[in-house]
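The values are calculated or read from the model by the stated rules, or taken from the named source; none is laboratory data. Predicted model, so just to flag it, every value in this text is computed and none were measured. Glycine gets a Cβ as well: all are built from the backbone with ideal geometry, and neighbour counts include every protein chain shown.
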Amino acid sequence: MRVLVAEDDDRTRAGLVELLEGEGYVPLAARDGHEALELYRRERPDVVLLDIMMPHSSGYEVCRAIRREDASVPILFLSAKSEEFDKVLGLELGADDFVVKPFGVREVVARIRAVTRRTLSQQTSGRPLPFALGDIDVDPAELRARRGAEVIELSLREVRLLELFHRNPGVVLGRDRIFDEVWGYDFLPNSRTLDQHISKLRKRIERDPRNPAIIQTVHGAGYRYQPPQNEPPRSG
């Protein structure tokens, strides 16, 4: 899922790009309003993050132009302005949400996940279907898993990891294959990237992360999902 990030401040833009990459999105960075609109028209991203005060064209102008071409793409405004008038104007122009600077990482992630859920749930075709993995039920469209009454929040990348294991029950998945299918062919990982993501995911989904039952380590080879004995085999 591609996210256009239009922000003229270099540090803020770089921070958002890093945050989105960590969540599993593909960020498209723009430094001003003109570049943002050009990127939007060329790449047709799934979500748009717009700073308001940008050179050449403001976020309001970019939002207005996008809405003339696409009434449904989620748009979030990022701005230091906090007056009620700005929020109302942004929403009247067709924005889906409004995040005021300075904002915390958790807030931005929560807002992006919320619009991602709305986007996935509104898809009329190709909507990802729920599936069972061990003792949890995963709903990709919600970016959530459930174990009974417990709700487990997931990132887009974590959902993709679980989908990959679900499609390949009992198969040992090596690092290269996991990176190619979940991160993309052009991703150049460091040696600890995958281990760190698996460790974080285990803390979310395993009953005992130190003795994982869902995502098992196969030393020297990779990782494997071994279905419970009472779970019918599936081709992957």
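Just one of the listed residues (Leu50, Leu91) is free of Cβ contacts under 8 Å to residues at least 60 places away in the same chain, of a type outside the set (Phe, Trp, Tyr), outside any loop (DSSP other than H, G, I, E, B) and in contact with a helix residue (DSSP H, G or I) (Cβ under 8 Å, 6 or more places away or on another chain), and it is Leu50. Inside region 45-55, residues that are of a type in the set (Asp, Glu) and crowded, with 24+ Cβ neighbours inside 10 Å make up a count of 1. Taking region 19-37 only, how many residues are part of a helix (DSSP H, G or I) and under 15 Å from Leu78 (Cβ atoms)? Final tally of qualifying residues: 4.
Among the residues of region 56-94, the ones that are buried (at least 17 other Cβ atoms within 10 Å of the Cβ) and at pLDDT 85 or above come to 14 in all. The conditions of being modelled with pLDDT under 90 and either under 18 Å from the mean Cα position of the chain (by Cα) or not in a strand (DSSP E or B) (or both) are not met by Gly15. Taken as a whole, the structure places Leu28 among residues that are within 27 Å of Leu201 (Cα to Cα) and either assigned by TED's automatic domain parsing to the domain that holds Val105 or among the charged types (D, E, K, R) (or both).
Under 24 Å from Leu143 (Cα atoms), out of contact with any strand residue (DSSP E or B) (no Cβ under 8 Å at 6 or more places or on another chain), in a helix (DSSP H, G or I) and not assigned by TED's automatic domain parsing to the domain that holds Lys200, is that true of Val109? The answer is yes for Val109. Given the condition crowded, with 16+ Cβ neighbours inside 10 Å and over 30 Å from His197 (Cβ atoms), answer yes or no: does some residue in region 12-30 qualify? Checking region 12-30: not a single residue is crowded, with 16+ Cβ neighbours inside 10 Å and over 30 Å from His197 (Cβ atoms). Residues of region 115-169 that are among the charged types (D, E, K, R) and under 22 Å from Val48 (Cβ atoms): Arg117, Arg118, Arg127, Glu142, Arg157, Arg160.
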